[in-house]
1. How large is the dipole of region 116-159 about the Cα centre if only Lys and Arg carry +1 and Asp and Glu carry -1, each at its Cβ, rounded to the nearest 20 debye?
2. Give the residue from F9, H132, A59 lying farthest towards the positive end of the charge dipole for the chain; charges sit on Cβ (+1 for Lys and Arg, -1 for Asp and Glu) and the dipole is referred to the Cα centre.
3. If you take every DSSP beta bridge fully contained in the chain, what fraction is antiparallel? Give it as a percent rounded to 5.
4. Based on DSSP H assignment, which helices of the chain show an axial Cα extent of at least 18 Å together with a mean Kyte-Doolittle hydropathy greater than or equal to -0.5?
5. Hey, got the dipole for the chain? About the Cα centre, +1 on K and R Cβ, -1 on D and E Cβ, debye to the nearest 20?
6. Taking every alpha carbon pair in region 31-133, what does the distance histogram look like in 5 angstrom bins from 0, in percent?
7. Carbon-plus-sulfur fraction of the accessible area of the chain, 1.4 Å probe, in percent?
8. How many Å² of accessible area per residue for region 104-180, probe 1.4 Å?
Amino acid sequence: MIPFLAPYFPGQWRSHGESLRLGPAGGPAARALLDDPPGLRQTLERYRAMQWPGADARAAASAWTLHYLWALLAPVVAAASGARRGVPCSAAAMRLALDGAGAPVAFTVAELGPTRPDADTWERYAALVWDHLLPLADGVHAASRLPRKVVWAGAVRYLEALFDALHGMGCNVAADRRHLLHTRSWAGENRANPLCLPLRTPPAHAPGPVYRECCLYYLLPGQTQCCLLYTS
């Protein structure tokens with residue numbers, strides 16, 4: 001694990017911090033796959049065939065995207081909101097590693113960014129949101145027709161979980177949470193913040209949490225409700 005991330009991934013969480021790796025430049029960047037609808041479609045089909053045979057294609061794409069988001073967000077958010085350390089996290093700067101089934105498992109960067117204790121939320125998260133999450137939402141939509149809002153909602157679910165975990169470690173994440181998840185405009189500019197999604201009102205009989213958008217997990221074989229993949 002990259003040393004400065006270790007304090008944020010103790011015990012059984014350690015493996016989640018290892019999805020960000022430091023290594024020599026080389027090989028295609030994640031952006032190459034996200035900008036290649038036929039190639040990404042082939043990757044998604046391989047994942048569906050091996051993990052969820054016969055499943056709804058959009059639901060399988062959503063499950064693949066949740067793997068992608070967790071592998072990306074867990075270490076990047078720990079770096080940005082915990083260590084206040086910059087990480088080159090645009091899709092063009094990170095190489096994506098897939099497992100044998102085509103599921104995302106790790107990202108490699110050629111170098112680490114500087115410590116940025118005085119940078120505000122917008123500065124620390126701009127590359128992640130606009131140069132990685134946006135191409136991810138667009139790319140998965142083009143390859144599978146999965147609605148972009150499902151991808152953004154998945155990112156919000158994981159950001160909430162990660163902010164909760166960092167808060168429990170004594171990190172001050174209140175401003176990052178407020179700006180990223182509850183501020184409608186990005187950095188006071190005239191453009192919408194794609195992470196600020198409206199909450200849904202849960203029915204009185206809801207057995208569990210109600211998310212901003214359905215992740216379609218219930219459409220997968222043998223599944224009946226949503227599942228946060230990092231808990232498995």
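1. It works out to roughly 320 debye.
2. Looking along the dipole axis, the top candidate is A59.
3. 65 percent
4. Sorted by number, the helices that extend far enough and score high enough are 57-77, 148-168.
5. About 280 debye.
6. So the P(r) values, bin by bin, are 2, 12, 21, 23, 16, 11, 8, 5, 2, 0.
7. Carbon and sulfur together cover 53 percent of it.
8. Ligands and nucleic acids excluded, the figure is 39 Å² per residue.
The values are calculated or read from the model by the stated rules, or taken from the named source; none is laboratory data. All values reported here derive from a predicted model rather than from experimental measurement. Note: ideal-geometry Cβ built from the backbone for every residue, glycine included; neighbour counts use all protein chains shown. The accessibility values were calculated without ligands, DNA or RNA, using every heavy atom of the protein model including side chains. Shrake-Rupley method; radii C 1.70, N 1.55, O 1.52, S 1.80 Å.
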